[in-house]
Amino acid sequence: QLIGLEEGRGLNIFDLRCVARKNGALLKIQIADKNNGFSEHYFREEVKKICSTENSNSVMISYFDRKALDQTGGGHFSPIAAYDEESDSVLVLDVARFKYPPFWATISQMCKAMEAMEPVSQRPRGFAYVTHGDGKCCIDDNTHNTCSVICNTPHS
């Protein structure tokens with residue numbers, strides 16, 4: 001059972017890391033915090049890297065506030081599938097297809113949506129890289145206290 005869902009708050013990006021690890025994947029998190037070097041330029045360069053053919057072993061998942069994109073809802077996860085240099089936009093493959101089809105958002109719009117504060121951690125949202133892991137369940141590294149609870153059984 002997932003802690004965020006159990007508490008009725010949904011999942012944040014730290015919970016997602018544990019879910020990924022539980023399923024044998026690794027998640028590298030980048031918080032959209034301007035005080036720690038996050039910028040539109042940084043995000044654009046990361047998107048370009050992940051959308052290139054050299055990085056086909058990773059997927060970028062954005063964690064953003066729908067309200068900042070004039071959508072209904074709150075915090076949301078969806079993968080970034082492409083970058084269009086001419087419009088400086090990313091293609092977001094919305095996973096809630098019943099609600100929103102895939103859509104294009106400018107780098108600026110996505111950054112604002114990721115910089116929005118997440119209510120539980122009181123930190124900005126961000127994005128993460130997902131890669132194939134070692135097949136082992138997560139080990140709590142003391143950076144977030146739910147990991148050992150979510151991943152309390154071996155990966156099968």
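The values are calculated or read from the model by the stated rules, or taken from the named source; none is laboratory data. Just so it is clear, the structure is predicted and the values come from calculations on it, not from any experiment. Note that we place each Cβ from the backbone using ideal geometry, even for glycine, and neighbour counts take in every protein chain shown. All accessible areas refer to the heavy atoms of the entire protein, side chains included, with ligands and DNA or RNA removed. Shrake-Rupley method; radii C 1.70, N 1.55, O 1.52, S 1.80 Å.
Has the range 23-33 got any residue that is modelled with pLDDT under 90 and farther than 13 Å from A128 by Cα? Yes, the range 23-33 has at least one match.
Would you be able to say whether some residue in the range 45-57 is of a type outside the set (V, I, T), crowded, with 16+ Cβ neighbours inside 10 Å and closer than 19 Å to M117 by Cα? No, that holds for no residue.
Every listed requirement among (1) modelled with pLDDT of 80 or more; (2) over 17 Å from Q30 (Cα atoms); (3) buried (at least 19 other Cβ atoms within 10 Å of the Cβ) is met by I150 save one, (1). Just one of the numbered conditions (1) farther than 17 Å from L11 by Cβ; (2) part of a helix (DSSP H, G or I); (3) open to solvent by less than 30 Å² (accessible area, probe 1.4 Å) is not true of A68: (3).
Residue-wise test of (1) touching a Gly at 6+ places or on another chain (Cβ under 8 Å); (2) charged (D, E, K, R).
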{"position": "N12", "(1), (2)": "yes, no"}
{"position": "E40", "(1), (2)": "no, yes"}
{"position": "K67", "(1), (2)": "yes, yes"}
{"position": "G75", "(1), (2)": "yes, no"}
{"position": "L91", "(1), (2)": "no, no"}
{"position": "D94", "(1), (2)": "no, yes"}
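Across the range 78-130, the number of residues qualifying as under 20 Å from L27 (Cα atoms), assigned to a strand (DSSP E or B) and open to solvent by less than 40 Å² (accessible area, probe 1.4 Å) comes to 12.
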